[in-house]
Amino acid sequence: MAKSLKSLFAGCEKIVREAEPLAAHTWFRLGGPAEFFAEPNSVEELAAIVRRCHEAGLPIRILGGGSNILVRDDGVSGMVLRLSAAPFSQISVDQGTVSAGGGAKLGHVVSTAVREGLAGLETLVGIPGTVGGALHGNAGSRGGDVGQWTCLATVMTRTGEILQREREDLVFSYRQSSLDELVILGCQFQLEPDDPQELTKRMQKLWIVKKASQPLGDQSAGCIFKNPRGISAGLLIDQAGLKGTRIGGAEVNDRHANFIVADADATAADVLRLVELVRSRVAERLGVELETEIEIW
Ligand code: EPU
């Protein structure tokens with residue numbers, strides 16, 4: 001039976017949209033629509049939609065900054081929620097603690113911490129996306145990850161209940177976190193006092209190195225594969241001779257081989273086929289199985 005917006009979301013139908021194109025919400029700018037899509041204006045609205053979906057057995061996905069996902073050309077069924085409204089993106093500082101909403105941009109949190117003379121997060125400069133997305137996948141660089149500074153997280157479960165996760169409940173490892181509830185509403189980072197000018201200099205240096213080694217201005221989703229056992233997946237793809245390999249409008253980047261850059265006319269299928277080609281060539285030539293870091297919807 002077709003699911004009708006009116007019957008499923010009575011009372012919330014004004015904020016739920018149908019067949020929302022997702023491409024424009026992602027860095028790859030590829031992929032099809034979401035069956036249902038909403039940007040709730042408050043925690044109460046979010047909880048109401050989550051409960052409706054739970055009752056109706058409708059799957060929910062949370063879209064952060066769209067910088068680490070690839071949406072398939074067919075799009076996704078169920079509900080996609082985006083925490084773009086102001087109540088989800090507040091940032092505040094109280095002595096050594098920075099509190100941030102799950103929808104806040106990680107880059108804004110990093111620059112706030114640096115300006116306030118709080119050290120730790122500056123190694124995350126240049127990482128796109130939201131705080132929620134960063135915590136979900138424990139985003140990081142070679143200098144550290146977001147999980148190591150996180151002392152508290154507020155989450156919403158699949159039934160719409162709000163819970164606090166204290167530091168002792170939180171386990172972070174390379175690109176993984178124990179935060180597996182539906183929504184990360186917000187978190188607190190415990191940071192260390194430092195000189196704001198020194199921090200700014202350190203951050204600027206890291207930014208220059210990153211810009212020189214990654215195609216940040218292009219249509220991509222950051223690194224495609226996780227680094228297997230600490231070895232750079234980019235180095236492996238490069239050694240396998242795959243830089244510049246192309247399928248349709250998708251190409252293995254020349255500057256950093258763990259990036260796939262899409263042309264304006266690329267499809268998600270081009271990227272997926274290239275991901276599989278890279279995976280099989282690296283396995284064949286170097287005997288290493290690569291695992292994707294990006295989420296494929
Ligand atoms: N290298 C090559 N060819 C390439 C890519 C890299 O020879 O095409 C070499 C580099 O010259 C360097 C080594 O491999 O000697 C490591 O490269 P890099 O410093 O770029 O680090 P990475 O391990 O490839 C990781 C993260 C990046 C993060 C950088 C910098 C992963 C999958 N990647 O890359 O994260 O920005 O360190 O801290 O963990 C991301 O997760 O989306 C991402 C871009």
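General remarks:
- In this structure, the residue pairs whose Cα-Cα separation is over 26 Å, taken from 205/226; 105/205; 201/226, are 201/226.
- Within the range 134-213, all pairs of alpha-carbon atoms sorted by distance into 5 Å bins from zero give the percentages 3, 14, 20, 20, 16, 12, 9, 4, 2, 0.
- Sum of -39500 (n - 2.57) over DSSP H runs of 4+, divided by residues of the chain (222 nm, nearest 500): -8000 deg cm²/dmol
- Estimated FRET transfer efficiency (residue 19, residue 44; beta-carbon r; R0 30 Å; 0.05): 0.70
- Phi to ³J(HN,Hα) by Karplus 6.51 cos²θ - 1.76 cosθ + 1.60 over the range 18-32, Hz, x for Gly, Pro: 10, 6, 6, x, 9, 3, 5, 8, 10, 6, 6, 6, 10, x, x
- Loop-located trypsin sites (Lys or Arg not before Pro) across the range 39-103 with a Cβ neighbour count of 14 or fewer within 10 Å are lacking, with loop assigned by DSSP.
- Here is the size of the chain from its Cα atoms: Rg then Dmax, 19.7, 61 Å.
- Here the range 109-164 and the range 1-48 have alpha carbon centers that stand 26 Å from each other.
- Subtracting the Cα-Cα distance of residue 291 and residue 243 from 0.36 nm times their residue separation leaves 15.5 nm of extension gain.
- Sparse-neighbourhood loop sites, trypsin sites (Lys or Arg not before Pro) in the range 219-297 - DSSP loop, at most 16 other Cβ within 10 angstrom: 243, 255
- The value of relative contact order for the chain, using C-alpha pairs under 8 Å at least six residues apart, is 16 percent.
- Spin-label model, residue 173 to residue 161: label points 7 Å out along the Cα-to-beta-carbon direction sit 2.7 nm apart.
- Rounded to the nearest 0.05, the FRET efficiency derived from the C-beta distance between residue 284 and residue 201 at R0 = 45 Å is 0.50.
- The share of Cα pairs per 10 Å bin across the range 171-297, counted from zero up to the longest distance, runs 11, 34, 30, 20, 5 percent.
- Using C-alpha pairs under 8 Å with a sequence gap of at least 6, the mean separation divided by the residue count of the range 1-130 gives a relative contact order of 21 percent.
- The simple spin-label model puts a point 7 Å past each Cα toward its Cβ; for residue 235 and residue 92 those points are separated by 4.5 nm.
- Taking 12, 53 and counting other C-beta atoms within 10 Å, the order from fewest to most: 12, 53
- As a proxy for reagent exposure, ranking 14, 105, 211 by other Cβ atoms within 10 Å from fewest up yields 14, 211, 105.
Values in this text are rule-based calculations from the coordinates and carry no lab data. As the structure is a prediction and not an experimental result, all values here were calculated from the model. With ideal geometry, Cβ positions are generated from the backbone for all residues, glycine too; neighbour counts draw on all protein chains shown.
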